[in-house]
Amino acid sequence: MRVAVVGAGLAGLAAAHFLRREAARRDIRLDLAVYEASARAGGRIRTVEDHGYRIECAANGVQGDDGAAARLVKDLGLAGERVKASPGAARRYLACRGSLHLLPTSPPALLSFGAISPRARLRVLAEPIVARRVAREETVLKFASRHVGEEAARALAGAAVRGIFAGDAAKLSLDSAFPLMREMERKHRSLFLAMSHAKKQLGGRGLWSLRAGMGGLVRALADSTEARLRLNAPVLSIERTDESQRAGDSQWTGEGKPPGWRIRLASGERTEADAVIVTTPPKAAAALFRQLEPEIARRLSTIESAGVAVVALAFLPQAFRSKPDGYGFLVAPGEDLEILGAVFESNLFPERAPKGRILVRAMMGGVDRPELLARTDAELVALAMKALDRTLGLAIGPERTWVIRQEESIPQYVLGHRSLVGSIASGLDALPGLYVTGNAYRGVSVGSVIEDAARVATRALS
């Protein structure tokens with residue numbers, strides 16, 4: 001069976017891995033090729049190693065010990081390379097009302113949580129009493145406001161959405177962005193009751209990474225593909241192999257042999273496949289489908305993404321008037337800070353910085369400030385330092401800095417996203433052998449991307 005994977009980011013490399021594994025299990029002879037437009041595999045996931053520092057350009061870890069990512073790492077023989085986040089990283093802060101506040105992990109701690117007013121704290125504590133189930137789709141902010149009140153929702157849910165999606169809690173769909181929260185409400189009505197139950201039932205939910213950083217995962221995947229990995233090989237379009245097929249009438253009726261597919265590369269080369277898995281960002285995917293199926297292309301093109309700039313800064317310990325503690329901090333909407341949040345990387349994974357040094361990674365941009373990505377490196381470093389000075393106090397500047405721009409990197413799961421993804425899937429059902437996967441559809445986390453790649457790979461061989 002001939003299968004082409006378009007894109008060699010995490011989704012494409014994971015899909016190639018699962019295709020090989022599933023083909024071997026089913027004793028299917030597989031002719032697999034992976035096409036990547038750029039000069040390197042791995043997509044946005046990359047770990048920069050410089051002067052003893054490891055800087056993550058995108059995701060900095062994986063949550064949970066029993067998911068698809070953990071199984072993939074085991075498949076790759078990297079289980080012994082896993083490192084768990086330091087226990088102290090469980091402490092997380094919120095920048096709100098001009099200072100850092102330790103996020104409460106229990107109802108008693110909430111009573112002294114200074115990021116919200118005393119009245120708002122009482123409203124949060126009333127959640128088990130006032131919580132109700134709602135079946136309709138709603139925004140993250142609307143959902144959180146129903147459960148914990150508007151003031152706490154704006155600060156807490158607003159900061160969480162900025163930190164994870166670089167987005168706006170008033171626009172993102174709770175059902176698409178945080179489906180587990182909806183499931184918790186459905187089962188337990190109250191989020192407090194659900195979290196209490198989860199603490200008793202769940203274990204192994206901590207954050208972990210690899211000793212070489214997240215870049216080690218995509219490098220291992222690229223090294224193990226045993227496929228034709230073609231770098232600097234952008235794909236321009238996907239066509240039917242049946243030349244007599246009229247434009248605009250590309251859908252298969254279900255009778256006879258399913259269509260085969262031809263992909264056309266920028267080099268002029270054409271190659272045929274029985275199945276094609278497209279793992280590029282949605283707008284790039286839309287371009288591939290534009291001539292073949294304009295309606296699918298239109299739907300793909302409506303998925304918007306936010307860009308972020310990552311600024312990493314290396315400090316001596318004496319640089320801070322208040323020592324960075326725990327995981328880091330998120331910034332509540334409306335705060336006079338130019339960053340979305342900061343991660344204290346050397347607290348989280350000590351091996352990411354030389355002994356006696358502190359590594360901080362600040363994120364900025366997102367849907368609120370997309371224009372920041374056009375600033376110079378020096379300007380972005382200055383903005384990050386200003387934010388750290390206001391929150392922690394800086395006595396001296398950083399020893400080293402790094403700036404990474406990730407244009408249109410985080411899809412925005414706005415209201416209607418789940419229906420949109422469903423309509424794309426329905427359209428592809430009429431084009432057997434064509435599939436899409438990646439972080440634009442069913443989850444932005446590393447684990448979600450890997451899980452969806454496994455699902456699509458299994459379908460492609462069916």
> Looking at Ala23, Ala39, Ala4, Ala33, which is the one that is over 20 Å from the mean Cα position of the chain (by Cα), closer than 26 Å to Ile263 by Cβ, surrounded by fewer than 18 Cβ atoms within 10 Å (Cβ to Cβ) and at pLDDT 95 or above?
Replying inline: Ala39
> Mind checking which residues of the stretch 1-54 are part of a strand (DSSP E or B) and more than 19 Å from Val446 (Cα to Cα)?
Replying inline: Arg2, Val3, Ala4, Asp31, Leu32, Ala33, Val34, Tyr35, Glu49, Asp50, Tyr53
> Which one is modelled with the lowest pLDDT among residues in the stretch 203-233 that are under 17 Å from Ile277 (Cα atoms) and either crowded, with 16+ Cβ neighbours inside 10 Å or aliphatic (A, V, I, L, M) (or both)?
Replying inline: Ala227
>> Checking Gln291 against (1) surrounded by fewer than 19 Cβ atoms within 10 Å (Cβ to Cβ); (2) not assigned by TED's automatic domain parsing to the domain that holds Gly443: exactly one of these is not met. Which one?
In response: (2)
>> Show the residue pairs meeting these rules: Cβ distance below 6 Å; 6+ apart or different chains; first residue within the stretch 352-363 and on the phi < 0 side of the Ramachandran plot; second residue of a type in the set (A, V, I, L, M) and at pLDDT below 95.
In response: none
>> Looking only at the stretch 57-74, count every residue that is touching a Lys or Arg at 6+ places or on another chain (Cβ under 7 Å) and not in a loop (DSSP other than H, G, I, E, B) and tell me the total.
In response: 2
> Under 6 Å by Cβ, and 6 or more places apart or on different chains, what pairs join a residue from the stretch 38-61 that is in contact (Cβ under 8 Å) with a residue 24 or more places away in the chain with one that is acidic (Asp, Glu)?
Replying inline: Thr47/Glu56
> If the Cβ limit is 6 Å and pairs must be 6+ apart or interchain, which residue in the stretch 410-437 that is within 17 Å of Ala284 (Cβ to Cβ) and in contact (Cβ under 8 Å) with a residue 12 or more places away in the chain pairs with which residue that is in a loop (DSSP other than H, G, I, E, B) and of a type in the set (Asp, Glu)?
Replying inline: Gln412/Glu304
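Taking helices (runs of 4 or more DSSP H) that fall entirely within the stretch 346-462, which contain at least 3 residues that are modelled with pLDDT of 95 or more and closer than 26 Å to Pro333 by Cα? Can you show your working first?
On the way: elements: 377-391, 417-429, 446-460.
Qualifying helices (runs of 4 or more DSSP H): 377-391.
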>> If I ask for residues that are assigned to a helix (DSSP H, G or I) and within 8 Å of Ser237 (Cβ to Cβ), which ones from the stretch 288-300 would you list?
In response: Leu288
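Which one of Ile263, Ile339 is modelled with pLDDT of 95 or more, out of contact with any Cys (no Cβ under 9 Å at 6 or more places or on another chain) and in the same structural domain as Arg442 (by TED's automatic domain parsing)?
The conditions single out Ile263.
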>> Being touching a helix residue (DSSP H, G or I) at 6+ places or on another chain (Cβ under 9 Å), farther than 18 Å from Gly334 by Cα, surrounded by fewer than 21 Cβ atoms within 10 Å (Cβ to Cβ) and β-branched (Val, Ile, Thr) is true for just one of Thr105, Thr139. Which residue is that?
In response: Thr105
>> For Gly77, only one of the following conditions fails: (1) farther than 27 Å from Ile410 by Cβ; (2) in the same structural domain as Met363 (by TED's automatic domain parsing); (3) outside any loop (DSSP other than H, G, I, E, B). What is its number?
In response: (3)
>> Can you pull out every residue in the stretch 90-108 that is of a type in the set (Gly, Ala, Ser) and closer than 18 Å to Leu337 by Cα?
In response: Ala95, Gly98, Ser99
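The values are calculated or read from the model by the stated rules, or taken from the named source; none is laboratory data. Predicted, not measured: the structure shown is a model, and the values here were computed from it. Note that each Cβ is placed from the backbone with ideal geometry, even for glycine, and that neighbours are counted across all protein chains shown.
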